[in-house]
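The values are calculated or read from the model by the stated rules, or taken from the named source; none is laboratory data. Bear in mind that the values here come from a model prediction, so they are computed numbers and not experimental data. All Cβ positions, even for glycine, are placed from backbone atoms using ideal geometry, and neighbour counts span all protein chains on display. Calculation scope for accessible area: heavy atoms of the full protein, side chains included, ligands and nucleic acids excluded. Shrake-Rupley method; radii C 1.70, N 1.55, O 1.52, S 1.80 Å.
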Amino acid sequence: MFDWFRKRGASKPELIHPPWRAGQYVTYYMEREDGFWLGLGLRLLGQTEDGAWIIQGDFKARAGEGTVWFRSDPAAPPDEPDPTPVRQEYVRAPPEQVDPMTRMREDPLMTSSLAMNLLFVRRWPSAAESLQTEPRAVHYPCEIERAHLLVTDGPGYKKHHDIHPRVMLTGVACLSVDGHRNPITVTSFGLNDPEADGPSSYDDFIDLSHPKRVTHDGFALTYPATWFLRQADQESEQKSSVKDYFSQVGGISCALTLSVTVKEGSAEEIAQERDAAVAKMSAPLDGPMGLLVPRQPLRLPGNAQGFISDLKNPGINGAAYSATYVSDDGRRFAHVIAFLCVSKENPRAKATLSAVEQTAREILESFAFV
């Protein structure tokens, strides 16, 4: 079922991670000593006709956000870098008023080399050899308590790699300078393949760490650094009045979607929109995953109205946290929904549901028009 990674004219290398498969994802978080932080997500999109893998890399920093697409060639010679970036675009470009040096240092697309550093390790013979060494005790997310240390030379420092074969795509649980400075640490990984019939394992994780406040077009919201809330494509005639944003995190056995809809209109139109949304949240709702039954209202600041609903499904634990907001002038409306599904067979089902519910409350409490 899996395609093993091959090199032209070389024997099959030993992998330091699960064999690549479309839909695998991994996320990392880094915070430097100078205060710069980075949320990074890598996802295997699939293979081209010539067998090359396409990897989507999402990057979020304090100054902006962007996406880089990488191409990884299974036949790449060992002495050539792989993968290589082939396209990039900003989602939120760094502000022009920032001084040039700071703008360059905190430009999210300038950090794509960090993703390449994580992905290069998988091709090193020394990385595979490190799996034969005695693992050391660590304490990383995703239940990683032991890892194999690989130390390599950098320009004037040592790079410390903690290798763990459960980590998707890279096999790297943490990469740091001299073992303690500027660590970039895994925060989640798993498989999110819509064509899969069901989970082959329950190694799917949702990153709930490192909440950061992000200002989008017209609103601000606080959510984890490795969630990438992106605006959906809009019909041209709707662009001025309706904007939809969407993010999906997690995998097959546990997943969460965060959606934000923002509308503009007259005070009368917005009042009708709010009343319709509140009525919908207040009653049972039959959706594609099952029946959502209101549990209780959710107390939120200002004029926001929130609700918690539970999913009725024999195989899935689920909950929806939703809220409506109206601007002070009554001409803007927002509807925010955080919806979690986790397989009841997942051994972390109850703990995941509890942790996500706390995060969902904090997200809804953070919303503000700007």
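Just one of the numbered conditions (1) out of contact with any Gly (no Cβ under 9 Å at 6 or more places or on another chain); (2) part of a strand (DSSP E or B); (3) surrounded by 19 or more Cβ atoms within 10 Å (Cβ to Cβ) is not true of Gln296: (3). Inside the range 353-370, residues that are within 20 Å of Leu229 (Cβ to Cβ), part of a helix (DSSP H, G or I) and either open to solvent by 20 Å² or more (accessible area, probe 1.4 Å) or polar (S, T, N, Q) (or both) make up a count of 8. Residue count for the range 304-326 satisfying the condition of being over 16 Å from Ser282 (Cβ atoms) and open to solvent by 10 Å² or more (accessible area, probe 1.4 Å): 9.
Within the range 299-320, the set of residues being over 14 Å from Ala277 (Cβ atoms), part of a loop (DSSP other than H, G, I, E, B) and polar (S, T, N, Q) comprises Asn313 only.
Failed condition for Met289, given (1) without any contact (Cβ under 8 Å) to a residue 40 or more places away in the chain; (2) surrounded by fewer than 18 Cβ atoms within 10 Å (Cβ to Cβ), with all others met? Only one criterion in (1) without any contact (Cβ under 8 Å) to a residue 40 or more places away in the chain; (2) surrounded by fewer than 18 Cβ atoms within 10 Å (Cβ to Cβ) is unmet by Met289, namely (1). The residues of the range 19-39 that are part of a loop (DSSP other than H, G, I, E, B), open to solvent by less than 20 Å² (accessible area, probe 1.4 Å) and more than 19 Å from Asn182 (Cβ to Cβ), listed by number, are Trp20, Gly23. Is one or more of the residues making up the range 255-276 touching a residue at least 24 places away in the same chain (Cβ under 8 Å), crowded, with 17+ Cβ neighbours inside 10 Å and assigned to a loop (DSSP other than H, G, I, E, B)? Within the range 255-276 (the criterion being touching a residue at least 24 places away in the same chain (Cβ under 8 Å), crowded, with 17+ Cβ neighbours inside 10 Å and assigned to a loop (DSSP other than H, G, I, E, B)), the answer is no, since none of the residues qualifies.
The residues in the range 165-187 that are open to solvent by less than 30 Å² (accessible area, probe 1.4 Å), closer than 26 Å to Gly23 by Cβ and not small (Gly, Ala, Ser) can be counted, and the count is 11. Cβ-Cβ distances below 7 Å connect the following pairs, each with a first residue in the range 68-80 that is more than 18 Å from Pro125 (Cβ to Cβ) and of a type in the set (Val, Ile, Thr), a second residue that is open to solvent by 10 Å² or more (accessible area, probe 1.4 Å) and in a strand (DSSP E or B), and a separation of six or more residues or different chains: Val68/Pro85; Val68/Gln88. So for the range 82-95 (the condition being surrounded by 16 or more Cβ atoms within 10 Å (Cβ to Cβ), under 30 Å from Thr352 (Cα atoms) and under 20 Å from the mean Cα position of the chain (by Cα)), does at least one residue qualify? Yes; the residues of the range 82-95 include at least one that is surrounded by 16 or more Cβ atoms within 10 Å (Cβ to Cβ), under 30 Å from Thr352 (Cα atoms) and under 20 Å from the mean Cα position of the chain (by Cα). When Pro211 is tested against the conditions (1) free of Cβ contacts under 8 Å to residues at least 60 places away in the same chain; (2) open to solvent by 50 Å² or more (accessible area, probe 1.4 Å); (3) in contact with a Phe, Trp or Tyr (Cβ under 7 Å, 6 or more places away or on another chain); (4) not hydroxyl-bearing (Ser, Thr, Tyr), the lone failure is (1). Please name all residue pairs, on different chains or six or more residues apart, with Cβ atoms under 6 Å, provided the first residue is in the range 178-191 and is over 28 Å from Ile252 (Cα atoms) and the second residue is assigned to a loop (DSSP other than H, G, I, E, B). Short answer, once both residue conditions are applied: Asn182/Arg32. So is Glu65 more than 18 Å from Thr170 (Cβ to Cβ) and without any contact (Cβ under 8 Å) to a residue 12 or more places away in the chain or not? No: the conditions fail for Glu65. Against the list (1) open to solvent by 30 Å² or more (accessible area, probe 1.4 Å); (2) touching a residue at least 60 places away in the same chain (Cβ under 8 Å); (3) not aromatic (Phe, Trp, Tyr), the condition Gly218 fails is (1). Would you confirm whether any residue within the range 53-70 is open to solvent by less than 50 Å² (accessible area, probe 1.4 Å), assigned to a loop (DSSP other than H, G, I, E, B) and under 19 Å from His210 (Cα atoms)? Yes, the range 53-70 contains a residue that is open to solvent by less than 50 Å² (accessible area, probe 1.4 Å), assigned to a loop (DSSP other than H, G, I, E, B) and under 19 Å from His210 (Cα atoms). For Gly190, the conditions (1) open to solvent by less than 10 Å² (accessible area, probe 1.4 Å); (2) out of contact with any Phe, Trp or Tyr (no Cβ under 8 Å at 6 or more places or on another chain); (3) on the phi > 0 side of the Ramachandran plot all hold with the exception of (2). The numbered conditions (1) in contact (Cβ under 8 Å) with a residue 40 or more places away in the chain; (2) surrounded by fewer than 18 Cβ atoms within 10 Å (Cβ to Cβ); (3) touching a strand residue (DSSP E or B) at 6+ places or on another chain (Cβ under 7 Å); (4) outside any strand (DSSP E or B) are all true for Leu118 except (2).
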